Amino acid sequence: MTSKQIKRAAASQLRQNFEGISMAVLNQFALITFMLLIEALIYITSELSDIDYRPLQLSYYRESRVRIFTMCGRMLGYLFLNSVLVYIQRRRFINTGEDGGVVERYIAMHPKRIMLPGVKLSIQLLFYKILVLSPMLIGIYGVLHFSSKEVVSSISLFGMVCFMLSIGFSIVWLGVCIHYFMSLSLVPFISQLNPRANFFDACDLSVKLMESKHMRLVSFYISWLPWLPLAVLIYPLIFIYPYYSAAHVILAREIMGDYWQDKLPAMARRWQKNLY
């Protein structure tokens, strides 16, 4: 299927699952509003306490590295919350034969069965990706160190070589990480179809299933670029994201092929068994 065909299939699925898309939009709205309220509260508190807080200015972060880590920590926290929400939203669009009302009723009756696996998988993926990215921190540190004013004024030939190596290593490792993270894109689907799968086994299977499929995923992402201006406006994102989630599920089903078809009936039986 082409990206256009996938989007048409996703639109058709959303029209048949009004309850699912309504809850997905409501959940996304709540999460974005929560993040904005947290940032507004921090800003108002800093104004009342007469604390310097300029999160949109680069000079603010150059003055202290602690500010960089604080902001990155908050962004990781928001990313974690979003990944848990995505785990729940993705389940709404994995077709196991139930209509939207059945899925929403199950989520309402058994929130722990949905939330806990989502939290666990989100933590595992987040820390695993940070671990994979960690060698790049050495290269970034080298770039920042050798580009500082104190070092530049008296840099030696060896320092210049280290500086160039740091830049090259950072770029190469970033490319490797992007490729590997794309290979891990099926891990959430594998975990949802087969909750008993070990995390690292799911990673290995995802890498195997994604062999020679990376450009297919890239073309899918590129097809969403025209929607980016609306997504930047924040709140239109709550309407775009369910559409994207449904399309992403269809793409994953196409890539996973026989594995999806083999595991889907068992997943449907588990949900039916625990529905009442």
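Kindly establish whether L121 is under 30 Å from P188 (Cα atoms), surrounded by 13 or more Cβ atoms within 10 Å (Cβ to Cβ) and at pLDDT 75 or above. Yes; evaluated as a whole, the condition is true for this residue. Being at pLDDT below 80, part of a helix (DSSP H, G or I) and closer than 17 Å to S185 by Cα: is that true of G142 here? No: the conditions fail for G142.
R216: among the basic types (K, R) and either assigned to a helix (DSSP H, G or I) or closer than 17 Å to A247 by Cβ (or both), yes or no? So R216 fits the description; yes. Residues in segment 160-179 that are more than 20 Å from the chain's Cα centre (by Cα) and surrounded by 15 or more Cβ atoms within 10 Å (Cβ to Cβ): C162, F163, S166, I167, F169, S170.
A search for C-beta distances below 9 Å between a residue of segment 64-78 that is on the phi < 0 side of the Ramachandran plot and in a helix (DSSP H, G or I) and any residue that is among the acidic types (D, E) and at pLDDT 75 or above, counting only pairs 6+ apart in sequence or on different chains, returns R74/E39. Once segment 1-50 is narrowed to residues that are of a type in the set (D, E, K, R) and in a helix (DSSP H, G or I), the residue that is modelled with the lowest pLDDT is E19. Scan segment 188-210 residue by residue and report those that are free of Cβ contacts under 8 Å to residues at least 12 places away in the same chain and not in a helix (DSSP H, G or I). Hits for segment 188-210 are R196, A197, N198. A single member of S219, S245 is under 21 Å from A9 (Cα atoms), surrounded by 20 or more Cβ atoms within 10 Å (Cβ to Cβ) and polar (S, T, N, Q), and it is S245. Of all residues being among the hydroxyl-bearing types (S, T, Y) and surrounded by 18 or more Cβ atoms within 10 Å (Cβ to Cβ) in segment 180-196, which is modelled with the highest pLDDT? Just the residue, please. Checking each candidate, the answer is S183.
Per-residue answers, yes or no, for (1) surrounded by 12 or more Cβ atoms within 10 Å (Cβ to Cβ); (2) touching an Asp or Glu at 6+ places or on another chain (Cβ under 7 Å); (3) under 30 Å from M256 (Cβ atoms); (4) touching a residue at least 24 places away in the same chain (Cβ under 8 Å):
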| position | (1), (2), (3), (4) |
| --- | --- |
| S3 | yes, no, yes, yes |
| S22 | yes, no, yes, no |
| Q28 | yes, no, yes, yes |
| L37 | no, no, no, no |
| A40 | no, no, no, no |
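The values are calculated or read from the model by the stated rules, or taken from the named source; none is laboratory data. Remember, it's a predicted structure, so these values are computed and weren't measured experimentally. Methodologically, a virtual Cβ is constructed for each residue, glycine included, from the backbone with ideal geometry; neighbour enumeration extends over all protein chains shown.
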